[in-house]
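Structure first, commentary second.
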Amino acid sequence: MGVALLAAAQERGTSWPSDVDLWLLFWLLCAVAYAILVLVQRQNRTRTGLKTAVVWYLAAEFVNSLGWGLYCYLLRPASGEFSGLRLICGLPVWAVLLFAALVLTTRQNRRAASKHS
């Protein structure tokens, strides 16, 4: 998400506080929702389960930053800038990646819990 925030801040057509603040707010809401959904399930509340949740969260963070880095810095259009709308339309990618991380965390922790029982 750091690369997306940097790209949003460097965009010429965006206003500094509002657009970047929207990104930060969305990132924070998704991170809090991920933490709550992880902690709701019993198998994720163990020490190993929390470690797994953090690892999958960081993996989603890495994939998101890698994707935004490729999109914003390597695949720039010929005009050299993106519209603010294009950047905002990319926000749901973060939510989808965190949902995938949540599913993988829960699946991995359930398998680990069933092996120990």
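The values are calculated or read from the model by the stated rules, or taken from the named source; none is laboratory data. What you are looking at is a predicted structure, and each value in this text was computed from that prediction instead of being measured. So basically every Cβ, Gly included, is an ideal-geometry build from the backbone, and we count neighbours across all protein chains shown. Each accessible area value is taken on the protein alone, full model and side chains, heavy atoms only, with ligands, DNA and RNA left out. Shrake-Rupley method; radii C 1.70, N 1.55, O 1.52, S 1.80 Å.
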(message) Quick check on residue 56: is it over 19 Å from residue 108 (Cβ atoms), touching a residue at least 24 places away in the same chain (Cβ under 8 Å), assigned to a helix (DSSP H, G or I) and not small (Gly, Ala, Ser)?
(response) no
(message) What's the total number of residues in the range 68-94 that are open to solvent by 40 Å² or more (accessible area, probe 1.4 Å) and modelled with pLDDT of 75 or more?
(response) 3
